[in-house]
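Working notes, beginning with the structure itself.
Just so you know, all these numbers are worked out from the coordinates, no wet-lab data involved. This is a predicted model, so every value here is computed, not measured. Ideal geometry is used to build each Cβ from the backbone, glycine not excepted, and the neighbour counts take in all protein chains shown.
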Amino acid sequence: MAGTVVIGAGLAAAHVVSTLREEGDDRPVTLVGDEIDRPYERPPLSKGYLQGTAERDSVFVHSPDWYADHDVTTRFGTTATLVDRAARTVALSDGTELGYDHLVLATGSSPRFLDIPGARLAGVHTLRRLADSDELRDELAHRQRLVVVGGGWIGLEVTAAARLAGLEVTVLEYAALPLLRVLGPELATHFAELHRAHGVDLRTGVGVDGFDGSAGRVTGVRVGGEVVPADVVLVGVGAAPNVALANAAGLAADARGVLVDAQLRTADPAVLAAGDVANAHNTALGHSLRVEHWDNAIRQGALAARSILGRPDVYDWQPYFYTDQYDLGMEYVGYADADDPVVIRGDRAGGEFVAFWLRDGRVRAAMNVNVWDVNDQLRALVGREIDPSRLADESVPLEEL
């Protein structure tokens, strides 16, 4: 019996194998990952672990002996090189071959590379893996000037960590505001104001022309006719799904990920995709969607396992993500466009509020900022048609909307 092979030993993969075992599947399971580390959670890499407030062992999904104890074969530090769907085999970089009854592609995504002069200088970093966070943490402990290219979630979380560590930080963002494409102008302005209030030199509407260096190490970032001094640089300009293996196997996959249905199955019913690499049909939204966040990896890992087991579950939940920056904590649930009208409930200037994005009077997404224990209530409001004046009225309890 060939069993299940899971390629990509990240968070989604970890929840594929744990759900299979939790739900009684005793068939062979093999977990293949090109990192030497067992599966871990990525949010701490730009938050607590990077800041030094979380121990290294705290990032791992399972204890070191969990896999052996649950009869899961692990092939860490090994790359899957080819999938033969006709033979139902996977070739590995060490020359071995695995057979499968079901194959789960959980290959994740990779940071986008800036193909500009100086991009490979020492001191120019991306942040995706535990080893990246280790390197960046050491840099923040020994450097004084950080330049962050890209004002997305990773870039801003690292910015906050660096400022809390006492570094001078410059953020270079191509758009008019950081997070503009996600949050729209009003809430993007809130995050811009937050970082500027903490001493960040936030520059928007700018492009990076290259990196200057000396003796092989970065010394500055070229922006127009200026060179911004830098002892260390973080490039955070998004991530691309790792679809090469799927493409080589003849599966439908492009820059939006591996195309799968609401049960995470590809056109080949023996092959599924989950996590950052999956462009999956969301039945709650009515269209396909690729989500790179922590919550989605956990849920899709479990869903892929249940699909293998013949369960009727589907991808029917609203996307969720969170961030921690300085004294700001935020949770977001739903899926809205940046130009959707926003209703604010509470005091944005005071830093404690809830935001709702609406279209045609219907709530598409909600975000709680420094207001806690309400996210389940907000999730219940997404998709409902609610009078904006009631959403904004704090005298109306959320559970009565």
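Which distance in nm do the two modelled labels at Ser395 and Asp209 give, with both placed 7 Å along the Cα-to-Cβ direction?
Result: 5.9 nm between the two label points.
Given the C-alpha atoms of region 113-235, compute the convex hull and give its volume per residue in Å³.
Working: hull volume 12.1 nm³, N = 123.
About 99 Å³ per residue, rounded to a whole number.
Quick one: give the max-minus-min coordinate of the C-alpha atoms of region 227-369 along each principal axis, largest first, in Å.
In descending order, the Cα extents are 52, 47, 25 Å.
Pull out a ≥ b ≥ c, the square roots of the eigenvalues of the alpha-carbon gyration tensor of region 327-400, then state rounded if a/c is under 1.5, prolate if not and a/b is larger than b/c, and oblate in the remaining case.
Details: a/c = 1.42, a/b = 1.27, b/c = 1.12.
Rounded is the answer for region 327-400, as its axis ratio a/c remains below 1.5.
Suppose a student asked you for the relative contact order of the chain, using Cα pairs under 8 Å spaced at least 6 residues apart; what percent would you report? Write out the running numbers ahead of the final one.
Working: 903 pairs, mean separation 58.8, N = 401.
In percent, rounded to a whole number, it is 15.
When the helix-only estimate is applied to the chain (DSSP H runs of n ≥ 4, each -39,500 (n - 2.57), divided by the residue count), what is the mean residue ellipticity at 222 nm, nearest 500 deg cm²/dmol? Intermediate results must be reported in sequence, preceding the final value.
On the way: 11 runs with 99 residues, N = 401.
Value at 222 nm, helices only, nearest 500: -7000 deg cm²/dmol.
I need the Kirkwood Rh of region 163-307: take the reciprocal of the average 1/r across all distinct C-alpha pairs and report it in angstrom.
Working: mean 1/r = 0.0546 Å⁻¹.
It works out to 18.3 Å.
Note the per residue figure in Å³ for the convex hull of the C-alpha positions in the chain.
Considering the Cα atoms of the chain, their hull volume per residue is 149 Å³.
Among 29-35, 89-95, what's the highest-first ranking by average C-beta atoms within 10 angstrom per residue? Please report the intermediate quantities before stating the final value.
Working: 29-35: 22.0, 89-95: 14.7.
Top to bottom by mean Cβ count within 10 Å: 29-35, 89-95.
Once you keep just the Cα pairs under 8 angstrom separated by 6 or more residues, what percentage relative contact order results for region 327-400? Working shown, then result.
On the way: 131 pairs, mean separation 23.4, N = 74.
Rounded, it is 32 percent for region 327-400.
Please report, in whole Å, how far the alpha carbons of region 276-356 spread along each principal axis, starting with the longest.
Over region 276-356, Cα extents along the principal axes are 50, 27, 19 Å.
Hey, rough spin-label estimate for Thr53 and Arg379, points 7 angstrom out along Cα→Cβ, what's it come to in nanometres?
2.4
Starting from the Kirkwood radius over alpha-carbon pairs of region 84-150, derive D by Stokes-Einstein at 10 °C in a medium of 1.306 mPa s and give it in µm² s⁻¹.
Working: Rh = 15.8 Å.
So the translational diffusion coefficient is about 100 µm²/s.
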